[in-house]
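Peer 1: Encoded as structure tokens, here's the structure I'll be asking about.
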């Protein structure tokens, strides 16, 4: 698919609106095992990120930014201070944040835009020799990327095979773990490799100089590396990966130390480790040009939802309000106004198995007394009220009940707790439904909320102020506050 075809496809697509996705995803329920597994994985990711960030800062590399922003869960009301990490490639939270947009876009492209996804294959290209720690890992990764780019160009010219993606990564193990006696046993060795997605544009002959076998042999010789043809693509997560497994850094025979984290940070600084190529490059560039992201949207026909193209929200700009200059405004000791809403995220399952949005607020102070700061507190309540309406309409339980279920599902013995589900049509009312105890032996069902949301404030809501369709508050990055506007 050419860039013109990609543009035409995006132009003709009926994009989802942020507001519709936000409302539709509130109250989206996960199964007990799925939610508990995801929660455990997030906790492990956070723990690994903290450990590596501590090592970096021990070595003099600033790994965390400063932030005066909190995340207020719009339904459960939980307030979480946000500590953003700097864009260090091997910090798991950063790697997860950067990987997701590429992963979603590639999945969507393969399912909806690629000419012949059934012909897609992937291969792993592994460097001939590992790099000892404190060696020229940066040079090895750069050399591999350049060589793959040249190989991809010639593969298209000679064999009509197009490469659509290259993702570089490496493993980290001791020489003893790798079984390489030519090095001292405790030598840390980094072994770079790259995952490439490729597509034969025509049927290749079984034999001869332009056959598939000839292409594999030519690729091995051209790249001067180990080549493994992994067959057809079954799961794009095998192609788009972290640059290094966190367990390789923190566990094994010789865990990483502060000095090695500093070297690794310098080796990876501003390297292009994930590179769209070919037709996928044109599609990915078109997404950015048109301000579109690929987002997983709740779908009644699929428990896991469906990937859709979603238009980025319009920026929310406070600059014309002259907030700090108002005489009656509440200004904190550091000279900044209180309770500035930066935006509202799309719903996530941060605290319960039911998805809820989070309100990002700068200089949050619920005890302000000035008129303007109090008005901004009211804006927060507007957003919470609208989120609660959507939550109840989705049949999600009372927030306190949801939190109790989350606590039980997080325990080893909690999977026997029956989830609260929406009752059948006709038995549900947003404002009057209540928890019902049925006769013994009959399934217990919650028909929505046990209490209605409070009456809305007398003024009109400012609506949904989206930031990032894949946002996770644990991966927050400090936006530019100069004009006090929401960053997309």
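The values are calculated or read from the model by the stated rules, or taken from the named source; none is laboratory data. For clarity, every value in this text was computed on a predicted model and none was experimentally measured. Here the Cβ is made from the backbone with ideal geometry for all residues, glycine too, and neighbour counts use every protein chain on show.
Peer 1: Out of curiosity, is residue 205 surrounded by fewer than 18 Cβ atoms within 10 Å (Cβ to Cβ), within 27 Å of residue 129 (Cβ to Cβ) and free of Cβ contacts under 8 Å to residues at least 24 places away in the same chain?
Peer 2: The answer is no for residue 205.
Peer 1: Testing residue 118 on (1) surrounded by fewer than 16 Cβ atoms within 10 Å (Cβ to Cβ); (2) under 27 Å from the mean Cα position of the chain (by Cα); (3) outside any helix (DSSP H, G or I), one condition comes back false. Which one is that?
Peer 2: Against the list (1) surrounded by fewer than 16 Cβ atoms within 10 Å (Cβ to Cβ); (2) under 27 Å from the mean Cα position of the chain (by Cα); (3) outside any helix (DSSP H, G or I), residue 118 comes up short only on (3).
Peer 1: Would you be able to tell me the number of residues in the stretch 157-201 that are without any contact (Cβ under 8 Å) to a residue 12 or more places away in the chain and either in contact with a strand residue (DSSP E or B) (Cβ under 8 Å, 6 or more places away or on another chain) or surrounded by 22 or more Cβ atoms within 10 Å (Cβ to Cβ) (or both)?
Peer 2: Final tally of qualifying residues: 1.
Peer 1: Is it fair to say residue 38 is surrounded by 17 or more Cβ atoms within 10 Å (Cβ to Cβ) and either out of contact with any strand residue (DSSP E or B) (no Cβ under 9 Å at 6 or more places or on another chain) or closer than 30 Å to residue 398 by Cα (or both)?
Peer 2: In short, no.
Peer 1: Same structure, new question: Out of the residues in the stretch 21-33 that are in a helix (DSSP H, G or I) and touching a strand residue (DSSP E or B) at 6+ places or on another chain (Cβ under 9 Å), which is surrounded by the fewest Cβ atoms within 10 Å (Cβ to Cβ)?
Peer 2: 24
Peer 1: If residue 313 meets every condition in (1) surrounded by fewer than 21 Cβ atoms within 10 Å (Cβ to Cβ); (2) modelled with pLDDT under 70; (3) within 19 Å of the chain's Cα centre (by Cα) apart from one, which number is that one?
Peer 2: In the conditions (1) surrounded by fewer than 21 Cβ atoms within 10 Å (Cβ to Cβ); (2) modelled with pLDDT under 70; (3) within 19 Å of the chain's Cα centre (by Cα), residue 313 misses (1) alone.
Peer 1: Do we find a residue being under 23 Å from the mean Cα position of the chain (by Cα), part of a loop (DSSP other than H, G, I, E, B) and surrounded by fewer than 20 Cβ atoms within 10 Å (Cβ to Cβ) anywhere in the stretch 89-103?
Peer 2: yes
Peer 1: Another question about this same structure. Mind checking which residues of the stretch 264-306 are surrounded by fewer than 17 Cβ atoms within 10 Å (Cβ to Cβ) and over 25 Å from residue 114 (Cα atoms)?
Peer 2: 266, 269, 270, 271, 300, listed by residue number.
Peer 1: Still on this structure, please answer the following. Name the one entry in 62, 150 that is part of a helix (DSSP H, G or I), surrounded by fewer than 16 Cβ atoms within 10 Å (Cβ to Cβ) and at pLDDT 95 or above.
Peer 2: Testing whether each residue is part of a helix (DSSP H, G or I), surrounded by fewer than 16 Cβ atoms within 10 Å (Cβ to Cβ) and at pLDDT 95 or above leaves just 150.
Every residue, every condition in (1) out of contact with any strand residue (DSSP E or B) (no Cβ under 6 Å at 6 or more places or on another chain); (2) farther than 26 Å from residue 364 by Cβ, yes or no:
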| position | (1), (2) |
| --- | --- |
| 66 | yes, no |
| 71 | no, no |
| 78 | yes, no |
| 87 | yes, no |
| 90 | yes, yes |
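Peer 1: For residue 50, only one of the following conditions fails: (1) assigned by TED's automatic domain parsing to the domain that holds residue 389; (2) surrounded by 16 or more Cβ atoms within 10 Å (Cβ to Cβ); (3) part of a helix (DSSP H, G or I); (4) in contact (Cβ under 8 Å) with a residue 24 or more places away in the chain. What is its number?
Peer 2: Here residue 50 clears every test but (4).
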